[in-house]
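The values are calculated or read from the model by the stated rules, or taken from the named source; none is laboratory data. Predicted model only: the values in this text are computed from it and were never measured. FYI the Cβ positions are ideal-geometry reconstructions off the backbone, even for glycines, and counts take in every protein chain you see.
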Amino acid sequence: MARLHRYLLAKRQVLRGCRIGRLAYDPEVVADQTLRAPVKDTFDWLVHRIGEVVEEAQQAGELPATLDVRSTAATIVAVVQGGYVMARATRSSKSFTDATNGLVSLLGGEIHSR
């Protein structure tokens, strides 16, 4: 759980957005499978890697065994990506912080102010 919390609570320049996630909004990238493939591959890798950490937390008894690993990992990635979008839209890093703190709380962790 500590690794998941560190990932969610890491200091980021959220108003810049995510360089990889931003590519998913580029019409040329979305329209071209060759350009889109590295973006997809990066998110696939990230969901897989976070899934491994979720599994470790389950094995350690820190997360319920009933959680679907892939869905939970995808949710974690989606909250971070959505937090970037919200921060840019509101021009406030608080939107990102609220989203990631909310997920930490849902995962049973302690919220930290940033």
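Overview of results
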quantity: Residue list for region 1-24, restricted to those being within 16 Å of Val77 (Cβ to Cβ) and part of a loop (DSSP other than H, G, I, E, B); calculated: Ala10, Arg12, Gly17, Cys18, Ala24
quantity: Within region 28-43, tally of residues that are hydroxyl-bearing (Ser, Thr, Tyr) and surrounded by 11 or more Cβ atoms within 10 Å (Cβ to Cβ); calculated: 1
quantity: Residue among Asp68, Asp26, Asp32 that alone is within 17 Å of the chain's Cα centre (by Cα) and of a type in the set (D, E, K, R); calculated: Asp68
quantity: Residue, farthest from the chain's Cα centre (by Cα), within region 1-19, restricted to residues that are over 16 Å from Ala87 (Cα atoms) and loosely packed, with under 14 Cβ neighbours inside 10 Å; calculated: Ala2
quantity: Region 62-80 - residue that is closer than 21 Å to Phe96 by Cα and touching a residue at least 40 places away in the same chain (Cβ under 8 Å) and, of those, surrounded by the fewest Cβ atoms within 10 Å (Cβ to Cβ); calculated: Val79
quantity: Close pairs (8 angstrom Cβ cut-off, 6 or more residues apart or separate chains): closer than 22 Å to Val77 by Cα in region 27-39, loosely packed, with under 11 Cβ neighbours inside 10 Å anywhere; calculated: Leu35/Glu28
quantity: Residue match in region 92-102 (condition: within 18 Å of Val14 (Cα to Cα), of a type in the set (A, V, I, L, M), touching a Gly at 6+ places or on another chain (Cβ under 9 Å) and in contact (Cβ under 8 Å) with a residue 60 or more places away in the chain); calculated: no
quantity: Subset of region 85-96 [in a helix (DSSP H, G or I) and either at pLDDT below 95 or more than 14 Å from Tyr7 (Cα to Cα) (or both)]; calculated: Val85, Met86, Ala87, Arg88, Ala89, Thr90, Ser93, Lys94, Ser95
quantity: Residue within region 52-61 that is touching a Ser or Thr at 6+ places or on another chain (Cβ under 6 Å) and aliphatic (A, V, I, L, M) present; calculated: yes
